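The values are calculated or read from the model by the stated rules, or taken from the named source; none is laboratory data. Everything numeric in this text was worked out from a predicted model, so none of it was measured. Cβ placement follows ideal geometry from the backbone for every residue including glycine, while neighbour counts extend to all protein chains displayed. These accessible areas exclude ligands, DNA and RNA; they are computed on the full protein's heavy atoms, side chains included. Shrake-Rupley method; radii C 1.70, N 1.55, O 1.52, S 1.80 Å.
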Amino acid sequence: MTSAGYAAIALATVLVLSNSARSESAVVIARGSTIVAEGDSLTYGMDVSPAGVPTQINGAPQTRSTEPFPETLAQRLRGCAAVANHGYPGDRSVDGLVRWQTLSHANLAILMYGSNDALNNGRAPTGIVSIDTFRSVLNLLIHRRQAEGSQVVLLSPPPIGNEHQERLIAPFRAVVRKTATDLGLTFIDTEEVLRNVVPIWTEDKVHLSTAANTAIADRLAKTIHCQ
């Protein structure tokens, strides 16, 4: 191989490393900031197993985990920022666009959609969301919060304990990752975060266990830096 060929490979390697570093780059917020976490039942912290507790929020009736990741993140940040949980069971991206359309007054928005877009577990009459629609709505969700002055972090939809459903969700994960790359946003790959977590799910193989919620909160806490 020529010296020019080696140089091209070296440059490509630098670019790849640069892009991967951007996906896990630190997010700096001022002490006293407000963080909002928007999403579906996985953000809400739904747990209808015997371990679930009656700490319902946002008008939803479902019981919740003792450690939903937004509330656990607030604990990890030790008073640096308040964290509002804007999760609602069954929500697709299109539902979140309507549900949380009022100003959030947040300094940082954490968005995690895609599971119900792919599966429609909330049984919305309009069904699953197409990839093209999901991509467009995700961009609308991002730009809405940026227009308020919020920074945005994107989380990929977490793994699910069903191979067929995993295949359906995979394209939506890819859209989230590519959107983060295209817009220069911090991206957190929940599959990677949860790879060594046991168990990942509650009894239904869909909703996150206490250990999984804690792992996501810990990764977010490492990503968010207070000043």
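For region 115-190, which fully contained helices (runs of 4 or more DSSP H) count at least 1 residues that are in contact with a Pro (Cβ under 8 Å, 6 or more places away or on another chain) and either in contact (Cβ under 8 Å) with a residue 60 or more places away in the chain or polar (S, T, N, Q) (or both)? Don't jump to the end; show me each part of the working.
Working: elements: 115-119, 131-147, 163-183.
Here the list reads 115-119, 163-183.
Looking at (1) within 16 Å of GLY45 (Cβ to Cβ); (2) part of a helix (DSSP H, G or I), can you tell me which one VAL98 breaks?
(1)
Step by step: first the residues of region 47-60, then only those that are in contact with a Lys or Arg (Cβ under 9 Å, 6 or more places away or on another chain) and open to solvent by less than 30 Å² (accessible area, probe 1.4 Å), then the one that is nearest to LEU220 (Cα to Cα). Which residue is that?
Only one residue tops the list, namely ASP47.
Which residue out of ARG76, ARG22, ARG64 is among the basic types (Lys, Arg), over 16 Å from the mean Cα position of the chain (by Cα) and modelled with pLDDT under 95?
ARG22
Quick check on my filter: what residues within region 25-48 are within 18 Å of THR179 (Cβ to Cβ) and at pLDDT 95 or above? Show your work before the answer.
Applying the first criterion (within 18 Å of THR179 (Cβ to Cβ)) to region 25-48 yields 25, 27, 37-40, 43.
Residues satisfying the conditions are VAL27, ALA37, GLU38, GLY39, ASP40, THR43.
Sort out which residues of region 61-77 are in a helix (DSSP H, G or I) and open to solvent by less than 50 Å² (accessible area, probe 1.4 Å), and write them in order of number. Outline the logic, then answer.
Kept after step one, since they are in a helix (DSSP H, G or I), are these residues of region 61-77: 69-76.
Across region 61-77, the qualifying residues are PHE69, PRO70, THR72, LEU73, ALA74.
So how many residues does region 97-114 have that are within 13 Å of the chain's Cα centre (by Cα) and under 16 Å from ASN139 (Cβ atoms)? Write out each step before concluding.
Taking region 97-114 and keeping what is within 13 Å of the chain's Cα centre (by Cα), we get 108-114.
Those still in the list that are under 16 Å from ASN139 (Cβ atoms) too: 109, 111-114.
Going through region 97-114 one residue at a time, the tally reaches 5.
Name every residue in region 112-138 that is out of contact with any helix residue (DSSP H, G or I) (no Cβ under 9 Å at 6 or more places or on another chain), over 27 Å from THR186 (Cβ atoms) and surrounded by fewer than 16 Cβ atoms within 10 Å (Cβ to Cβ), in order of residue number.
Once the filter is applied, which keeps residues that are out of contact with any helix residue (DSSP H, G or I) (no Cβ under 9 Å at 6 or more places or on another chain), over 27 Å from THR186 (Cβ atoms) and surrounded by fewer than 16 Cβ atoms within 10 Å (Cβ to Cβ), region 112-138 yields ARG123, PRO125, GLY127.
Would you please list the contacts, defined by Cβ atoms under 9 Å and residues six or more apart or on different chains, that run from a residue in region 61-78 that is under 10 Å from ALA221 (Cα atoms) to a residue that is among the charged types (D, E, K, R)?
What qualifies is THR72/ASP218; LEU73/ASP218; GLN75/GLU67; ARG76/ASP218; ARG76/LYS222.
Could you grab me the full set of residues in region 191-227 that are assigned to a helix (DSSP H, G or I), open to solvent by less than 20 Å² (accessible area, probe 1.4 Å) and over 26 Å from THR63 (Cα atoms)?
The answer is THR223, and nothing else.
Among the residues in region 192-202, are any in contact (Cβ under 8 Å) with a residue 40 or more places away in the chain and over 14 Å from LEU42 (Cβ atoms)?
Step one: of region 192-202, the residues in contact (Cβ under 8 Å) with a residue 40 or more places away in the chain are 200-202.
Those left that are additionally over 14 Å from LEU42 (Cβ atoms): none.
Scanning region 192-202, I find no residue that is in contact (Cβ under 8 Å) with a residue 40 or more places away in the chain and over 14 Å from LEU42 (Cβ atoms), so the answer is no.
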